[in-house]
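Each remark here refers to the structure printed beneath this line.
The values are calculated or read from the model by the stated rules, or taken from the named source; none is laboratory data. Treat the numbers as computed from the prediction; the structure is a model and nothing was measured. Ideal geometry is used to build each Cβ from the backbone, glycine not excepted, and the neighbour counts take in all protein chains shown. The protein model used for the area step is the full one, side chains on, heavy atoms only, and it has no ligands, DNA or RNA in it. Shrake-Rupley method; radii C 1.70, N 1.55, O 1.52, S 1.80 Å.
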Amino acid sequence: MASHGIEIKNLYKIFGQNGRDYIDAVHQGMSKSELIEKHGHVLGLKDINISMPAGSITVVMGLSGSGKSTLIRHINRLIEPTSGELIYDGADICQMNETALRDFRRHKTAMVFQKFALLPHRTVLENTVYGLDIQGVARAESTQKAQRWIDRVGLSGFEDRYPNQLSGGMQQRVGLARALTNDADILLMDEAYSALDPLIRVDMQSVLLEIQAELKKTVVFITHDLDEALRLGDKIAILRDGQMIQQGTGQDIVLNPADDYISAFVKEVNRGRVIRLETIMRALGPGLGPEGLPLPGTMTLENAAKEMTSANQTTAHVIDQAGKPVGSVDLQGIIAAMVTPTSHKSARMAAE
Amino acid sequence: MANCSFMPDVLCRFPSIGDSSIRMARKVIDDGFKGLVREYGYVIDAVVQPLQWFLNYLERLFSSSPWFIVLIIMLAIVYLASRRIGITVGTAIGMLLIGVVGLWEDTMVTLAIVTVSTLIAIVIGLPIGILMARSERIQGMINPVLDVMQTLPSFVYLIPVVVIFGIGKVPGLIAVVIYAVPPMIRLTNLGIRLVDKEVLEAADAFGSSSRQKLWNVQMPLALPTIMAGINQTIMMSLAMVVVASMVGVGGLGRNTLQAINNQFFTFGFMNGFALVVIAIIFDRASQAFGKRLQKHSEVVHG
Ligand SMILES: Nc1ncnc2c1ncn2[C@@H]1O[C@H](COP(=O)(O)OP(=O)(O)O)[C@@H](O)[C@H]1O
Ligand SMILES: [Mg+2]
């Protein structure tokens, strides 16, 4: 099954009776607090435009109340948009009728929830086959599929337990197995790991990355944790008060935060684990030939520093995927890049 | 009435519309009602017939089967529902005592009518409760009716029932059902409304139809609350069975009524005892069953 990307265009969500009436006002710059005060409507999302590429993980990040859950719930239309388009595989999700939407939810999407949202009266196995039950797949077949994912997320032997007999981490494994058993192209994860302890969380991130390397689904992952975003996200989008204020790769965001809000976010980040050699290398040219260790451009600074120190070298040259030398770095430059505090550019990138 | 001497008459004696106009109004309403009942007699018969048949069948089944078979079946049901030896043994002792004091047959009659009325209350109450949970409008319409039903003293129920259905077992049964159905409706509605929003959202996200949502999620998660409703319904049926003896329901209720009328102290006491025994059996067994259902719904880990 080939993956498809998701295109979100001019998406607005205004909570309240007559949300549609205030789109123009919001479009012309009415703020969230003003909208509440004057009209008693809550601005959920304002003019969201983002493309979520097929087969990769798009992370949506933001503080609590910034509209992350609202955004992800538009993708399977658990929340109705006030205006805008969501295109998947050539069709606008917003235009689907009830049957089409139900089919879309059954076959194209699967969701993992922050508070797990498991059925307490069903065992692990029965929870895992839930999506297939809904589709009307016979138990013999669904059990077989489910078992594969139960084993894969490390729940073997727990099939007959009830959710309340499991720890939070285990419960979320059930949530993940349930979503994967659905075998859908789109995987929606709303703060799926936020309720977990840090170690279990890293563990679950690895599980997701492994599975994603194999399945190449279109994953939308919500988090308020930048480290998690940088670890998982092929693309990161940052929301504030319902507005998209920056999107790009993890590096883009760490190196060029669009405003103070994002600078504050990225200040505490371990830059050595995010920034890659290709970002800070000097291009080769006349007078600068390939010297020292060959290192791939996608290597992070921290790993490069480790390699170079253990090889006892202060310079290295960077090679591209084909193995061709493309640039040069030295240890001093690497360390400087790892510790330089982010200077946020005065030329703001945001859509203001 | 010293005060009345210096007050106008209107303030002193309540100004009622005259006796004759009341008499006329009463006559018009009563005759109209009776006419209506006569007119639609076939509808009423159609409602009453199957109930009568069902009730008689169960009554005969209960009282004509050998007592020890009835007792064994009862104990089996109590045990399967509660899985508790204590409750089962208590049931055995209570029922044997009832038999010893000579009230076995009357108890069977009462059990039959309580069983039938509880079943009917469930069959009526469950769908109404589900409808109420689905729509604010329906909830808004039915809630005041339930409020009135639950504030009316039980005697008052007998009036319209007797006018429409006359005197007898089935009118009594109908009164019992009407009296006992509100908690069933309310707690079904409440149970469904209390279902975790996140779990419902998950059901939606996986593409459940509303019927799938009802049977896979809402009903199972509401079941403990619904069981509490059934428990209440049984208790109220038992209470109303005694009152309904005034319109011709037999069994322990009629004995109690006789005892009151004739001041038979011991007889009244024994009947009261039998009623208490079955009330406790029903209550314990259904509550233990409800608890057992709830076992997996409790959230242990946060
Ligand atoms: N059903 C709703 N009605 C009114 N306001 C809502 C509703 N759902 C969310 N909101 C508001 O929309 C904003 C974004 O909420 P949400 O998407 O849940 O944020 P996040 O998931 O980022 O914490 C918040 O201000 C919230 O209060
Ligand atoms: Mg949220």
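Before moving on, here are some points about what is shown:
- As a summary of the residue check, A:Gly242 satisfies the conditions (1) within 14 Å of chain B (Cβ to nearest Cβ); (2) within 14 Å of ligand 1 (Cβ to nearest atom) except for the one numbered (1).
- Single residue of A:Ile87, A:Ile14 found to be assigned to a strand (DSSP E or B) and away from ligand 1 (no atom under 13 Å from the Cβ): A:Ile87
- Selection count where residues are more than 12 Å from the chain's Cα centre (by Cα) and more than 6 Å from ligand 1 (Cβ to nearest atom), scope the stretch A:56-70: 1
- Residue check for A:Gly84: open to solvent by 20 Å² or more (accessible area, probe 1.4 Å), on the phi > 0 side of the Ramachandran plot and out of contact with any Gly (no Cβ under 8 Å at 6 or more places or on another chain): yes
- Pairs are defined by a Cβ separation below 6 Å, a sequence spacing of at least 6 or placement on different chains, a first member in the stretch A:185-214 that is within 13 Å of A:Gly175 (Cβ to Cβ) and away from chain B (no Cβ under 14 Å), and a second member that is more than 16 Å from ligand 1 (Cβ to nearest atom) and part of a strand (DSSP E or B); no pair meets this definition.
- Residue within the stretch A:120-143 that is open to solvent by 20 Å² or more (accessible area, probe 1.4 Å) and touching a strand residue (DSSP E or B) at 6+ places or on another chain (Cβ under 7 Å) present: no
- The condition of being closer than 29 Å to A:Leu63 by Cβ and within 16 Å of ligand 1 (Cβ to nearest atom) holds for A:Ala229.
Residues checked against (1) within 16 Å of ligand 2 (Cβ to nearest atom); (2) among the β-branched types (Val, Ile, Thr):
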site	(1), (2)
A:Arg77	no, no
A:Thr82	no, yes
A:Glu85	no, no
A:Gly90	no, no
A:Ile93	no, yes
A:Asn97	no, no
A:Asp103	no, no
A:Thr109	no, yes
A:Phe113	yes, no
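- Some residue of the stretch A:94-107 being on the phi > 0 side of the Ramachandran plot, open to solvent by 10 Å² or more (accessible area, probe 1.4 Å) and either within 14 Å of another protein chain (Cβ to nearest Cβ) or assigned to a loop (DSSP other than H, G, I, E, B) (or both): no
- Qualifying residue in the stretch A:62-81 (condition: at pLDDT 95 or above, at positive phi, surrounded by fewer than 20 Cβ atoms within 10 Å (Cβ to Cβ) and within 12 Å of another protein chain (Cβ to nearest Cβ)): yes
- Any hit, the stretch B:261-268, residues being of a type in the set (Ser, Thr, Tyr) and over 24 Å from B:Leu152 (Cα atoms): yes
- Residues of the stretch B:40-79 that turn out to be open to solvent by less than 100 Å² (accessible area, probe 1.4 Å), part of a helix (DSSP H, G or I) and over 22 Å from B:Gly248 (Cβ atoms), as a count: 9
- Cβ-Cβ distances below 6 Å connect the following pairs, each with a first residue in the stretch A:148-166 that is more than 10 Å from chain B (Cβ to nearest Cβ), a second residue that is part of a loop (DSSP other than H, G, I, E, B) and among the β-branched types (Val, Ile, Thr), and a separation of six or more residues or different chains: A:Asp160/A:Thr123.
- Selection status of B:Met227, within 14 Å of chain A (Cβ to nearest Cβ) and touching a Phe, Trp or Tyr at 6+ places or on another chain (Cβ under 7 Å): yes
- If only residues of the stretch A:115-147 that are within 10 Å of chain B (Cβ to nearest Cβ) and β-branched (Val, Ile, Thr) are counted, the one that is farthest from the chain's Cα centre (by Cα) is A:Thr123.
- Scanning the stretch A:216-256 for residues that are open to solvent by less than 70 Å² (accessible area, probe 1.4 Å), touching a Ser or Thr at 6+ places or on another chain (Cβ under 9 Å) and not in a strand (DSSP E or B) gives A:Lys217, A:Asp225, A:Glu228, A:Ala229, A:Leu232, A:Gly233, A:Gly242, A:Gln251, A:Val254, A:Leu255, A:Asn256.
- In the stretch A:1-57, of all residues being within 16 Å of ligand 2 (Cβ to nearest atom) and touching a Phe, Trp or Tyr at 6+ places or on another chain (Cβ under 9 Å), the one that is farthest from the other protein chains (Cβ to nearest Cβ) corresponds to A:Leu43.
- Every pair of residues 6+ apart whose Cβ atoms lie under 8 Å, when the first sits in the stretch A:57-81 and is over 16 Å from A:Glu228 (Cα atoms) while the second is within 7 Å of ligand 1 (Cβ to nearest atom) and in a helix (DSSP H, G or I): A:Ile79/A:Thr70
- A:Gly242 being in contact (Cβ under 8 Å) with a residue 40 or more places away in the chain, within 16 Å of ligand 2 (Cβ to nearest atom) and of a type outside the set (D, E, K, R): yes
- Helices (runs of 4 or more DSSP H) wholly inside the stretch B:89-203 that include at least 2 residues being among the acidic types (Asp, Glu): B:104-134, B:136-151
- In the stretch A:5-33, the residues that are more than 18 Å from A:Ala91 (Cα to Cα) reach residues that are among the charged types (D, E, K, R) and within 16 Å of ligand 2 (Cβ to nearest atom) with C-beta atoms within less than 8 angstrom, at least six apart or across chains, in these pairs: A:Gly19/A:Lys13; A:Ser31/A:Asp241; A:Lys32/A:Asp241.
- Single unsatisfied condition, A:Leu11 versus (1) of a type outside the set (D, E, K, R); (2) buried (at least 22 other Cβ atoms within 10 Å of the Cβ); (3) in the same structural domain as A:Leu187 (by TED's automatic domain parsing): (3)
- Scanning the stretch A:167-183 for residues that are within 12 Å of chain B (Cβ to nearest Cβ) and either within 16 Å of ligand 2 (Cβ to nearest atom) or under 17 Å from the mean Cα position of the chain (by Cα) (or both) gives A:Gln172, A:Gly175, A:Ala179.
- Of residues in the stretch B:157-210 being within 17 Å of B:Met132 (Cβ to Cβ) and within 14 Å of chain A (Cβ to nearest Cβ), the one surrounded by the fewest Cβ atoms within 10 Å (Cβ to Cβ): B:Ser210
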